[in-house]
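Chemist: Just passing along the structure, written as C-alpha cells.
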Amino acid sequence: MSNYHIKHLEEYYQVYRKSVRNPEVFWEEIAEEHFVWRKRWNKVLDWDFSKPEIKWFEGAKLNITENCIDRHLRTKGDKTAILFEPNDPSEAAEHITYNQLYKRVNQFANVLKEQGIKKGDRVCIYLPMIPELAISVLACARIGAIHSVVFAGFSATALATRINDCDCKIVLTSDGSYRGAKTIDLKGIVDTALEQCPGVKTTLVAKRINSDISMKEGRDKWLQPLLDAASTECAPEIMDAEDPLFILYTSGSTGKPKGMVHTTGGYMVYTAYTFKNVFQYKENDIYWCTADIGWITGHSYIVYGPLANGATTVMFEGVPTYPDWGRFWEIVEKHKINQFYTAPTAIRALAKEKLDFVDKYDLSSLKVLGTVGEPINEEAWHWYNDNIGKKKSPIVDTWWQTETGGIMITPIPFATPTKPTYATLPFPGIQPALMDENGQEIKGNQVDGRLCIKFPWPAIARTIWGNHKRYRETYFSTFKNQYFTGDGALRDEVGYYRITGRVDDVIIVSGHNLGTAPIEDAINEHQAVAESAIVGFPHDIKGNALYGYVILKETGEGRDHDNLRKEINQIITERIGAIAKLDKIQFTNGLPKTRSGKIMRRILRKIACKDTGNLGDTSTLLNPEVVQEIMDNVL
Ligand code: PRX
C-alpha cells in the first residue's frame with residue numbers, strides 16, 4: 001500500500017525513508033493506486049544526470065485530463081471544480097462543476113482541432129485569470145498539444161520571443177483584462193507581438209471587457225461562437241508518459257528565457273501527490289492559490305494538482321488591493337476558504353495596512369496557510385501566523401522552482417513542526433545535498449552551501465525547449481551528478497532547510513525571477529546608454545528591488561537624469577514588462593571590472609545594499625578608483 005496521505009511526523013519519516021531506500025517501488029505504488037493509465041509502464045525510472053536524461057514511467061500511456069476530469073464525473077460530477085472569483089466583487093462568482101468542466105474542455109479541444117491544432121503542436125496562451133485560461137490549458141492537454149502559457153503581464157516583445165522560441169502556431173487571448181480599477185488591452189499587445197511572429201496563423205479571442213478592438217481578417221476569430229458550435233465530446237489523445245505536456249519560460253542569469261519542458265506522467269503523479277499532502281486537502285475543502293496560472297505555481301497548484309485530486313480550486317481574477325486591502329480576506333470569508341496559498345511579497349504588502357482590513361472578516365474556515373516564491377522574512381511569517389492563521393493554521397513555506405515542477409522542501413501541515421523562515425524538510429522522494437565551492441558534499445547539520453538534488457523526482461523538467469545543451473550546462477555541470485538549483489541554503493541542527501537566496505545573477509523581485517542580462521540588454525538599447533549593470537537590494541515589500549548602474553555615452557551627458565530614468569524604465573517595460581522596472585538608477589562614469597573585463601557585481605551589490613564596511617578583495621580590479629566614485633553617489 002502506498003502512503004498517499006501522510007498524517008503525522010513519524011509517518012513522514014517512515015515514508016521518506018522508504019522513498020529514498022527504494023524510490024522506484026515508492027513511486028510505482030503511488031502511480032498505480034491513485035491514477036488511471038491506459039497502459040502500464042515498462043520501467044519506472046531511467047536516468048543519467050550526466051547526459052542528462054530522465055524518464056519516468058516509460059512506456060505508460062495516459063491522458064492527464066482523464067485523471068483531472070473524466071474519472072471524477074461518476075462520483076463528483078456536480079462538485080465545483082473551478083470557482084471563479086471575478087475582479088469586481090459585485091460580479092457573481094462562477095461555480096464550474098466537474099460535469100461542466102468536462103464539456104467546456106471538450107468544446108475548447110474541438111475548437112483547437114478545427115483550427116488545425118494536432119498532438120505536439122505548440123499553443124501560446126496569453127490570457128488573464130478567467131476560466132478560459134484553465135479550460136484552454138486542459139483543452140491542449142486533452143488533444144496532446146503543448147501549451148505555452150505566457151503571463152499576461154509580459155510585454156509584446158517578451159511575448160513574441162516566447163512565441164517564436166517554440167514556434168507556436170496559434171495564440172489564445174482576450175479582448176482585454178481587468179486588473180483592479182484598470183483595464184489592460186491584451187489584444188493590442190498580441191497584435192504588436194505578432195508583427196514579429198510569422199508562424200502564427202490564428203488567434204482566438206475571448207470576450208472579457210467588451211472593448212472595441214480590431215480583428216485582423218483571416219487571423220483573428222472570436223472564441224465564443226466557435227465554442228458554442230463545438231461538440232461537448234472529445235476523445236482524449238492517448239499520450240506517452242514522457243510526451244511533453246507544456247513549456248513554461250523562466251529567466252536565466254544570461255541569454256533569452258529558458259523554455260522548461262515538462263512531460264505528462266511524472267508531472268501528474270508528483271503534482272497530485274504533493275498537493276494532497278502539502279495542503280492536507282480533504283473532500284469538500286475549498287482551496288485557493290492566489291498565483292497566476294502564467295507561473296508554475298498556477299500550473300501545478302491551481303490546475304493540475306488540485307484537479308487530479310478532485311478538489312475545488314479557486315481562480316481569482318483581481319488584485320489584493322481592489323476594491324481595498326481587505327479583498328483577500330473578504331474572499332476567504334465569502335467562499336469559506338480552507339487552504340490559502342500566496343507569496344511573501346503579498347503578505348508583506350498586506351501587513352503594512354491596518355489590521356481592520358483583516359479583522360472585519362471571519363477567517364475561521366482556514367486550516368492551512370502556504371507561501372511560495374521567495375524567502376519569507378520572520379516578521380511577515382509572524383504577521384501571517386498571528387493575524388491570518390490565528391496561530392492555529394500551520395504555515396507551509398514551500399520551496400520549489402519552475403524547473404522542479406512541484407513542491408520540493410516543505411512542512412507537511414499538522415505533521416512537521418514549523419519554524420519561521422524555514423522550508424523545513426524534503427518532501428518524500430527528494431534528496432537534497434549541500435555542496436561546497438570545491439564540489440564536495442557538505443555532510444552533517446548546522447552547515448550551509450549550494451543546494452543541489454542528487455536523485456531525480458517525477459516532475460523534474462526534462463529539457464529546455466530546443467536547447468538541451470543549455471539544460472545540461474545550467475543545471476548539471478556545476479556539480480557532478482547533481483541537479484543544481486541556483487539557490488543557497490542552510491541546514492539547521494535538526495536537518496531543517498532554510499533557503500538563503502539565489503547564488504547566481506537571478507534576482508527575485510516580488511516573487512518573480514528576473515535575470516540581470518536581459519534587463520541590461522534592454523537598458524543598453526537606449527541611445528544615450530553605453531553600458532549598465534543591475535543588482536538587487538533589499539526592499540520592504542518586494543523582497544528585492546532592482547538597482548541599475550548606468551554609464552552614459554557622450555551624447556547622454558548633460559541630459560536631464562530624471563527624464564533618462566523614465567525613458568530607461570519605459571524601454572524595460574516595453575521589452576520585458578513592468579515587473580522588471582528599476583527602483584533606482586545611478587549614473588556613473590565607470591563600473592568596477594576585473595582585468596579580464598568582467599563586471600564585479602559583488603561590489604556593486606554591496607554598495608546598493610549600503611553594506612560597504614567590507615568590500616572584500618578589490619586588488620584584482622582594473623579600475624579601483626571608480627568604486628569610491630560610485631560609493632559617493634549612491635542613491
Ligand atoms: O530562489 C528560489 C525562490 O524562487 C526560485 C524559483 O522561482 P520560480 O522558478 O519562478 O518558481 C517560483 C515558484 C515555485 C527558487 O530558486 N523560492 C521559491 N520558493 C521559495 C524560494 N525561496 C525561498 N523560500 C521559498 N519557499
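Chemist: Mind checking whether some residue in the range 270-284 is charged (D, E, K, R) and part of a loop (DSSP other than H, G, I, E, B)?
Modeler: yes
Chemist: Another one. Does any residue in the range 358-374 that is among the β-branched types (Val, Ile, Thr) come within less than 6 Å, Cβ to Cβ, of a residue that is within 13 Å of the ligand (Cβ to nearest atom) six or more places away or on a different chain, and which pairs are these?
Modeler: Final answer for the pair search is Thr371/Pro344; Thr371/Asp397; Val372/Thr297; Val372/Thr398.
Chemist: In this structure, does Tyr549 turn out to be more than 14 Å from the ligand (Cβ to nearest atom) and either open to solvent by less than 10 Å² (accessible area, probe 1.4 Å) or among the β-branched types (Val, Ile, Thr) (or both)? Walk me through it before giving the result.
Modeler: Values: more than 14 Å from the ligand (Cβ to nearest atom): yes; either open to solvent by less than 10 Å² (accessible area, probe 1.4 Å) or among the β-branched types (Val, Ile, Thr) (or both): yes.
Criteria met by Tyr549.
Chemist: I would also like to ask the following. Given the conditions (1) open to solvent by 20 Å² or more (accessible area, probe 1.4 Å); (2) touching a residue at least 60 places away in the same chain (Cβ under 8 Å); (3) among the aliphatic types (A, V, I, L, M), report the number of the one that Ile184 does not fulfil.
Modeler: (2) is the only condition that Ile184 fails.
Chemist: Note down all Cβ pairs under 7 Å where the first residue falls in the range 599-619 and is buried (at least 19 other Cβ atoms within 10 Å of the Cβ), the second is part of a helix (DSSP H, G or I), and they're at least six residues apart or on different chains.
Modeler: Ile603/Val627; Ile607/Ile630; Ile607/Met631
Chemist: Continuing with this model, one more query. Test Asp175 against the stated conditions and say whether it is open to solvent by less than 20 Å² (accessible area, probe 1.4 Å), acidic (Asp, Glu) and in contact with a strand residue (DSSP E or B) (Cβ under 7 Å, 6 or more places away or on another chain). Show your work before the answer.
Modeler: Values: open to solvent by less than 20 Å² (accessible area, probe 1.4 Å): yes; acidic (Asp, Glu): yes; in contact with a strand residue (DSSP E or B) (Cβ under 7 Å, 6 or more places away or on another chain): yes.
Answer is yes for this residue.
Chemist: Looking only at the range 49-59, which residues are open to solvent by 50 Å² or more (accessible area, probe 1.4 Å) and in a strand (DSSP E or B)? Spell out how you get there, then give the answer.
Modeler: Keep residues of the range 49-59 that are open to solvent by 50 Å² or more (accessible area, probe 1.4 Å), which gives 50-51, 53, 55, 58.
Listed by number, the residues that qualify are Glu53, Lys55, Glu58.
Chemist: Still on this model: Suppose we keep only residues that are open to solvent by less than 40 Å² (accessible area, probe 1.4 Å) and of a type in the set (S, T, N, Q) within the range 503-546. Which one would you say is farthest from the ligand (Cβ to nearest atom)?
Modeler: Here the residue is Ser532.
Chemist: From the list Asn445, Asn438, pick out the single residue that is without any contact (Cβ under 8 Å) to a residue 24 or more places away in the chain and farther than 19 Å from Glu11 by Cβ. Walk me through it before giving the result.
Modeler: Numbers: Asn445 fails: without any contact (Cβ under 8 Å) to a residue 24 or more places away in the chain.
None of the other options fit; the residue is Asn438.
Chemist: If a residue has to be of a type outside the set (Ser, Thr, Tyr) and in a loop (DSSP other than H, G, I, E, B) to count, how many in the range 155-174 make the cut? Reasoning before the result, please.
Modeler: Of all residues in the range 155-174, those of a type outside the set (Ser, Thr, Tyr) come to 156, 158-160, 162-172.
Filter once more, keeping what is in a loop (DSSP other than H, G, I, E, B): 166-169.
Residues that pass the stated criteria total 4.
Chemist: Within the range 66-73, is even one residue in contact with a Phe, Trp or Tyr (Cβ under 6 Å, 6 or more places away or on another chain), part of a helix (DSSP H, G or I), touching a residue at least 60 places away in the same chain (Cβ under 8 Å) and over 21 Å from His262 (Cβ atoms)?
Modeler: yes
Chemist: Among the residues of the range 381-400 satisfying the criterion of being within 15 Å of the ligand (Cβ to nearest atom) and part of a loop (DSSP other than H, G, I, E, B), which is surrounded by the fewest Cβ atoms within 10 Å (Cβ to Cβ)?
Modeler: Pro394
Chemist: Can you tell me which residue within the range 475-502, out of those that are open to solvent by 50 Å² or more (accessible area, probe 1.4 Å) and of a type in the set (Ser, Thr, Tyr), is nearest to Glu374 (Cα to Cα)? I'd like the intermediate steps shown before the answer.
Modeler: Initial filter on the range 475-502 (open to solvent by 50 Å² or more (accessible area, probe 1.4 Å)): 477-478, 480-481, 493-494, 498, 500, 502.
Filter once more, keeping what is of a type in the set (Ser, Thr, Tyr): 477-478, 500.
On the way: Ser477: 25, Thr478: 23, Thr500: 9 Å.
Among those that are open to solvent by 50 Å² or more (accessible area, probe 1.4 Å) and of a type in the set (Ser, Thr, Tyr), it is Thr500.
Chemist: Quick one: in the range 427-438, of everything that is more than 15 Å from Gly488 (Cβ to Cβ) and open to solvent by 10 Å² or more (accessible area, probe 1.4 Å), which residue is nearest to the ligand (Cβ to nearest atom)? Talk me through it step by step, then tell me what you get.
Modeler: Of the residues in the range 427-438, the ones more than 15 Å from Gly488 (Cβ to Cβ) are 427-431, 438.
Of the ones still in play, those that are also open to solvent by 10 Å² or more (accessible area, probe 1.4 Å) are 431, 438.
Working: Gln431: 17, Asn438: 22 Å.
In this case the residue turns out to be Gln431.
Chemist: Same structure again: For residues that are closer than 20 Å to Met268 by Cβ and in contact with a strand residue (DSSP E or B) (Cβ under 7 Å, 6 or more places away or on another chain), scanning just the range 60-78, find the one that is most open to solvent (accessible area, probe 1.4 Å). Quick ask: steps written out before the conclusion?
Modeler: From the range 60-78, those closer than 20 Å to Met268 by Cβ are 60-76; that's our starting set.
Then keep just the ones that are in contact with a strand residue (DSSP E or B) (Cβ under 7 Å, 6 or more places away or on another chain); that gives 60-64.
Values: Ala60: 0, Lys61: 68, Leu62: 0, Asn63: 1, Ile64: 4 Å².
Going through the qualifying residues, I end up with Lys61.
Chemist: May I pose another question? Scan the range 197-213 for residues that are under 15 Å from Leu227 (Cα atoms) and of a type in the set (Val, Ile, Thr) and report the count.
Modeler: Adding up the residues that qualify gives 2.
Chemist: Moving on. Among residues belonging to the range 1-46 that are of a type in the set (A, V, I, L, M, F, W, C) and loosely packed, with under 14 Cβ neighbours inside 10 Å, point out the one that is farthest from Pro417 (Cα to Cα).
Modeler: Here the answer is Val36.
The values are calculated or read from the model by the stated rules, or taken from the named source; none is laboratory data. Owing to the predicted nature of the structure, the values given are computational and were not obtained by experimental measurement. Because the Cβ atoms are built from the backbone with ideal geometry, glycine has one as well, and the counts that use them run over all protein chains shown. What goes into the accessible areas is simple: the full protein's heavy atoms, side chains included, and nothing from ligands, DNA or RNA. Shrake-Rupley method; radii C 1.70, N 1.55, O 1.52, S 1.80 Å.
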